[in-house]
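The values are calculated or read from the model by the stated rules, or taken from the named source; none is laboratory data. A quick note: this is a predicted structure, and the numbers were derived from the prediction, not measured. Each accessible area value is taken on the protein alone, full model and side chains, heavy atoms only, with ligands, DNA and RNA left out. Shrake-Rupley method; radii C 1.70, N 1.55, O 1.52, S 1.80 Å.
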Amino acid sequence: MSADPYGTLCTPLLDRGAADDAAARLMQQARKAGAHALILRDASLDGAAMKSFGEVLQQGGMHPLVLQSHVRACLDATRDADELLRDAWARRN
């Protein structure tokens, strides 16, 4: 739960052995404090924390609502670096 645009880890830290319970308690405390929504910025949609939140929501007859998402760039480190560079250069020219 981060509203910091410069944060590096925006996924809630949940106990791996009790992640669903931790997510449920976090949402319960948010409700108790008067929150109507829990906004998780820059959290991995396929990560363990989001799976736990999704499971808890499903148990309550709800589902997460994704307001915005994007795919991060990643490096393909399975190929030879020189070969990858030559292929990229050839496609550019």
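Roll a 1.4 Å probe over the protein heavy atoms and report the accessible area of residue 52 in Å², nearest 10.
10 Å²
Ranked by accessible surface with a 1.4 Å probe, highest first, in what order do 32, 51 come?
Details: 32 165, 51 130 Å².
The most accessible residue leads, giving 32, 51.
What angle, in degrees between 0 and 90 and rounded to the nearest 10, separates the Cα long axis of helix 48-59 from the longest principal axis of the Cα atoms of the chain?
Roughly 40 degrees between the two axes.
In terms of solvent-accessible area of protein heavy atoms at a 1.4 angstrom probe, what is the ranking of 46, 82, 87, highest value first?
These residues rank, largest area first, as 46, 82, 87.
Which order do 10, 74 take when ranked by solvent-accessible area (1.4 Å probe, heavy atoms of all protein chains), largest first? Don't skip to the answer; put the middle values down first.
On the way: 10 10, 74 120 Å².
The ordering from most to least exposed comes out as 74, 10.
Considering the chain as a Gaussian network with a 10 Å cut-off on Cα pairs, which listed residue, 23, 43, 81, attains the greatest mean-square fluctuation?
Greatest mean-square fluctuation among the candidates belongs to 81.
Once you treat every alpha carbon in the chain as an equal point and sum by Debye, what is log10 I(q)/I(0) at q = 0.12, 0.18, 0.21 Å⁻¹?
-0.53, -0.86, -1.09
Might you work out the accessible area of residue 66 for me, using a 1.4 Å probe with all protein chains in place, and round it to the nearest 10 Å²?
About 80 Å², rounded to the nearest 10.
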